[in-house]
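Asks: Dumping the structure here so I can ask a few things about it.
What follows draws every value from the coordinates through simple rules; no lab data is involved. Please read these numbers as outputs of a predicted model, since none were measured by experiment. Cβ atoms come from the backbone with ideal geometry, glycine included; neighbour counts cover every protein chain shown.
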Amino acid sequence: MAKKSTIYNIFNDFVEALKPIVDKKYIFLKDRPKIGKDDVPMKKFIVVDLPLGIDDLVIGHKKTCLVTSGVLYLFTQARSNDTLDPNATGDFADSVEELFPIKGQYIIACNPTVKLNGSDGQGFQVTVITFDLHSRWGVFKKEE
């Protein structure tokens, strides 16, 4: 079996951690999906993003302890007038925040900060959770 890439393993840890909160088909990586008029409507979904560079704390680029920051975008269906549904949004945000620290096979995500972002203009309210991320020590280390 081929070894999976560093990026694959990081994102996969998030998908596995988030599956109890929202079905895997509603977890998207990096970008939100385009939603057409014929698509089955979603009540909520999550986008996992790693918008910053990934650095190694150890000199030599051996992937000993990778560090970065990440973002979870939580989308909940807005009310009919495009305003916040505080119950649905609050429950969703609380359930995701309670997962922290997220300890996967490859990564640990901690220090979540929750921010309500408002309407996305497409019928959803957006909540942003930023966090610190580091790999488990030596899990990606290159062989010498």
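Asks: Out of segment 114-144, which residues are more than 13 Å from the chain's Cα centre (by Cα), in a strand (DSSP E or B), surrounded by fewer than 19 Cβ atoms within 10 Å (Cβ to Cβ) and polar (S, T, N, Q)?
Replies: Answer for segment 114-144, where residues must be more than 13 Å from the chain's Cα centre (by Cα), in a strand (DSSP E or B), surrounded by fewer than 19 Cβ atoms within 10 Å (Cβ to Cβ) and polar (S, T, N, Q): 117, 119.
Asks: Continuing with the same structure: What is the residue count in segment 19-33 for residues that are touching a helix residue (DSSP H, G or I) at 6+ places or on another chain (Cβ under 7 Å) and closer than 9 Å to residue 48 by Cβ?
Replies: Adding up the residues that qualify gives 2.
Asks: So which of 14, 92 is within 24 Å of residue 140 (Cα to Cα) and part of a helix (DSSP H, G or I)?
Replies: 14
For (1) of a type in the set (A, V, I, L, M); (2) not in a loop (DSSP other than H, G, I, E, B), each residue gets a yes or a no:
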site	(1), (2)
3	no, no
63	no, no
68	no, yes
88	yes, yes
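Each row is one residue, and each column tells you yes or no for (1) over 12 Å from residue 133 (Cβ atoms); (2) crowded, with 16+ Cβ neighbours inside 10 Å; (3) in contact with a Leu (Cβ under 8 Å, 6 or more places away or on another chain); (4) without any contact (Cβ under 8 Å) to a residue 24 or more places away in the chain.
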| residue | (1), (2), (3), (4) |
| --- | --- |
| 10 | no, yes, yes, no |
| 21 | yes, yes, yes, no |
| 25 | yes, no, no, yes |
| 41 | yes, no, no, no |
| 48 | no, yes, yes, no |
| 84 | yes, yes, yes, no |
| 97 | yes, yes, no, no |
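Asks: OK, next. Does segment 97-109 contain at least one residue that is in a strand (DSSP E or B) and among the basic types (Lys, Arg)?
Replies: yes
Asks: Which members of segment 10-30 meet the condition of being farther than 17 Å from residue 95 by Cα and of a type in the set (Phe, Trp, Tyr)?
Replies: 11, 28
Asks: Then there's this: Could you check how many residues of segment 73-82 are touching a Leu at 6+ places or on another chain (Cβ under 8 Å) and either among the aromatic types (Phe, Trp, Tyr) or under 26 Å from residue 140 (Cα atoms) (or both)?
Replies: 0
Asks: Using the structure shown, decide if residue 45 is of a type outside the set (Lys, Arg), touching a helix residue (DSSP H, G or I) at 6+ places or on another chain (Cβ under 6 Å), outside any loop (DSSP other than H, G, I, E, B) and closer than 29 Å to residue 5 by Cα.
Replies: When the stated conditions are applied, residue 45 passes them.
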